[in-house]
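A quick write-up on the structure given underneath.
The values are calculated or read from the model by the stated rules, or taken from the named source; none is laboratory data. Note that the structure is predicted; figures quoted are calculated from it, not measured. Reconstructed Cβ throughout: ideal geometry from the backbone, glycine too, with neighbour counts over all protein chains shown.
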Amino acid sequence: MANTELHQLSIRELKDGLASKKFSSVELTEHHLDRIDRLDSEVNSFITVTADMAMDAAKQADSELANSDTEAKPLLGIPMAHKDLFCTEGVLTTSGSKILYNFVSPYDATVVANIKNAGAICLGKLNMDEFAMGSDNESSHYGAVHNPWDLHRVPGGSSGGSAAAVAAGFVPFATGSDTGGSIRQPASFCGLTGIKPTYGRVSRFGMIAYASSLDQAGTFGRSAEDCAYLLQQMAGYDPKDATSIKRDVPDYVADMNTAVQNSTDVKPFAGLKIGVAKEYFGKGLDKAVEDKVRSALKQYEDLGATIVDVNITNPEITLATYYMLAPAEASSNLSRFDGVRFGYRCDDPKDLHDLYTRSRSEGFGDEVKRRILMGTYALSAGYFDAYYTKAQKVRRVILQDFARAFEQCDVIASPTAPTPAYKLGEDLDPVSMYLGDVYTIAVNLAGLPAISMPAGLTADGLPVGLQLIGNHWDDGKLLTTAHLYQQHTEHHKATSGMMGR
């Protein structure tokens, strides 16, 4: 096999190739590191590349592949990379910020440890919006990330580096985090599949927090099957995370295979009810995006699914609720970054107050400061009940609306984002940027799983994502529903021009 093709293989093909000795982990790792070295200056998807560590791990993987049962390490020898908010022992972990510009983690996040134990080779840490606050990856202290489909456009955010790295063929899959759409929206913009699991499915231990009741780790891949391979290793109970749920993890890949075997070629979705809410097809939705999403839904219908109308909370209400609760939690979580214990510290502070004030003012970017101020205001005396408490009550209504909708359907479908990727440097006001998450944030408020998958390209050649939302713990159902669709369609096989370089 020509080395030029290695970055185009699926995870299943990579596993088979390593097992059959068509190529080694060292060859695979060198190939991807070479692509990063040649091309990432145009994309800026990596903050840190751990080439030496990766090559040492690849050599160890080849030794294990030659001498042991690889079933114990399902991802043995396969390269990947982590969003830069997962603490990684001995490696710079910045969360895209200036204030953590020199923080080298002394331990691994549970997600990092689990993937390492599965044998995957970490190539480095991926760029992101500062502290995961943003929808375009332009707020990173380390510079904007460029979309491999069009280098003049954003990749989405906050996990833009993760999405861009997979879309450019720098890694076969990558981790991300999703607080209000930060996996799904970049997956839509970059023509990938990305899943945000049920809240509590994946440990948050060692993941630098933005909003603790909303944050959840997930995966990017070029297909639902690729995502399933990685999520399988990430998921599970962790006693170090108080929000982690003790619940068995299904075998996502095996369940996918069973579903394919049991389905008919003509009507694989017979019996599946897909809910469509008019609230997700209103003003602000780009016509080209709507056309592609409705076309994808028609394909589901042609393959046997039934489309039913459902009602959910108005997205404008969920948007307001999210931007009250998330900044409030951020205000609390980010108070630990004060210039005292680690990270950025201002020069020559006059006293403790000056140290705190200037370290935080100089260390945080504009968007992070904006959200801290919003959150602090909402939590302040005299406003707590009027804003924060009321938003929590609305959050319960959002959850109840989803529960009623799922009484009528198995999954809910919507556009992932209201537009395709927009151009870098567009002078968007904060509210316009926040509207990019209008179809994704309700999922986080309700703790539900959701997946975004490719639904085709616009006339300009830009990817469009279809979002499927599941009930609690239906992560496997979403992966299988996306996988079956991808067995009968070609949208997920479209790749950026950079993949051919």
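Looking only at residues in the range 315-338 that are surrounded by 21 or more Cβ atoms within 10 Å (Cβ to Cβ) and of a type in the set (Gly, Ala, Ser), which one is nearest to SER414 (Cα to Cα)?
Per the criteria, the residue is ALA326.
Across the range 118-132, which residue is surrounded by the most Cβ atoms within 10 Å (Cβ to Cβ) among those that are more than 18 Å from the chain's Cα centre (by Cα) and part of a loop (DSSP other than H, G, I, E, B)? If you could, list the steps in order and put the result at the bottom.
First pass over the range 118-132, keeping only residues more than 18 Å from the chain's Cα centre (by Cα): 118-121.
From what is left, the residues that are part of a loop (DSSP other than H, G, I, E, B) are 118-120.
Working: ALA118: 19, GLY119: 22, ALA120: 28.
Here the residue is ALA120.
Quick check on the range 185-212: of everything there that is aromatic (Phe, Trp, Tyr) and either touching a Ser or Thr at 6+ places or on another chain (Cβ under 7 Å) or part of a loop (DSSP other than H, G, I, E, B) (or both), which residue is surrounded by the most Cβ atoms within 10 Å (Cβ to Cβ)? Reasoning before the result, please.
Step one: of the range 185-212, the residues aromatic (Phe, Trp, Tyr) are 189, 199, 205, 210.
Then keep just the ones that are either touching a Ser or Thr at 6+ places or on another chain (Cβ under 7 Å) or part of a loop (DSSP other than H, G, I, E, B) (or both); that gives 199, 205, 210.
Values: TYR199: 23, PHE205: 19, TYR210: 27.
By that ranking, first place goes to TYR210.
Every residue in the range 139-184 that is surrounded by fewer than 24 Cβ atoms within 10 Å (Cβ to Cβ) and part of a strand (DSSP E or B), please.
ASP150, ARG153, listed by residue number.
Tally the residues that are in a helix (DSSP H, G or I), of a type in the set (A, V, I, L, M, F, W, C) and closer than 30 Å to GLY157 by Cα, restricting the search to the range 347-385. If you could, list the steps in order and put the result at the bottom.
Initially, the range 347-385 is screened for residues in a helix (DSSP H, G or I), giving 352-363, 366-379, 384-385.
Going one step further and asking which of them are of a type in the set (A, V, I, L, M, F, W, C), we end up with 352, 355, 368, 372-374, 378-379, 384.
Narrowing the set further to residues that are closer than 30 Å to GLY157 by Cα leaves 368, 372-374, 378-379, 384.
Residues in the range 347-385 being in a helix (DSSP H, G or I), of a type in the set (A, V, I, L, M, F, W, C) and closer than 30 Å to GLY157 by Cα: 7 in total.
Surrounded by fewer than 23 Cβ atoms within 10 Å (Cβ to Cβ), of a type outside the set (Val, Ile, Thr), modelled with pLDDT of 95 or more and at positive phi: which single residue out of GLY90, GLY17 fits that description?
From the options GLY90, GLY17, the qualifying one is GLY90.
Would you confirm whether any residue within the range 217-231 is among the aromatic types (Phe, Trp, Tyr), more than 12 Å from the chain's Cα centre (by Cα) and part of a helix (DSSP H, G or I)?
Start the filter on the range 217-231 by keeping residues that are among the aromatic types (Phe, Trp, Tyr), which leaves 220, 229.
Next cut, more than 12 Å from the chain's Cα centre (by Cα) only: 229.
The next check asks that each one be part of a helix (DSSP H, G or I); those that pass are 229.
Within the range 217-231, one or more residues are among the aromatic types (Phe, Trp, Tyr), more than 12 Å from the chain's Cα centre (by Cα) and part of a helix (DSSP H, G or I).
Among (1) part of a loop (DSSP other than H, G, I, E, B); (2) under 21 Å from PHE220 (Cα atoms); (3) among the small types (Gly, Ala, Ser); (4) at pLDDT 95 or above, where does SER135 come up short?
(4)
Could you please tell me which pairs satisfy a Cβ distance under 7 Å, a separation of 6+ or placement on different chains, a first residue in the range 335-353 that is within 19 Å of PRO106 (Cβ to Cβ), and a second residue that is among the β-branched types (Val, Ile, Thr) and surrounded by 10 or more Cβ atoms within 10 Å (Cβ to Cβ)?
The qualifying pairs are PHE337/ILE99; GLY343/ILE99; TYR344/ILE99.
What residue, of LEU435, LEU448, is hydrophobic (A, V, I, L, M, F, W, C) and either modelled with pLDDT of 95 or more or surrounded by fewer than 18 Cβ atoms within 10 Å (Cβ to Cβ) (or both)? Walk me through it before giving the result.
Values: LEU435 fails: either modelled with pLDDT of 95 or more or surrounded by fewer than 18 Cβ atoms within 10 Å (Cβ to Cβ) (or both).
Of the residues listed, the single one that is hydrophobic (A, V, I, L, M, F, W, C) and either modelled with pLDDT of 95 or more or surrounded by fewer than 18 Cβ atoms within 10 Å (Cβ to Cβ) (or both) is LEU448.
Please enumerate the residues belonging to the range 280-331 that are of a type outside the set (Ser, Thr, Tyr), closer than 23 Å to SER213 by Cβ and assigned to a helix (DSSP H, G or I). Explain how you work it out, then say what you get.
First pass over the range 280-331, keeping only residues of a type outside the set (Ser, Thr, Tyr): 281-294, 296-299, 301-305, 307-312, 314-317, 319-320, 324-330.
Subset that is closer than 23 Å to SER213 by Cβ: 312, 314-317, 319-320, 324-330.
Within the range 280-331, PRO315, GLU316, ILE317, LEU319, ALA320, MET324, LEU325, ALA326, PRO327, ALA328, GLU329, ALA330 qualify.
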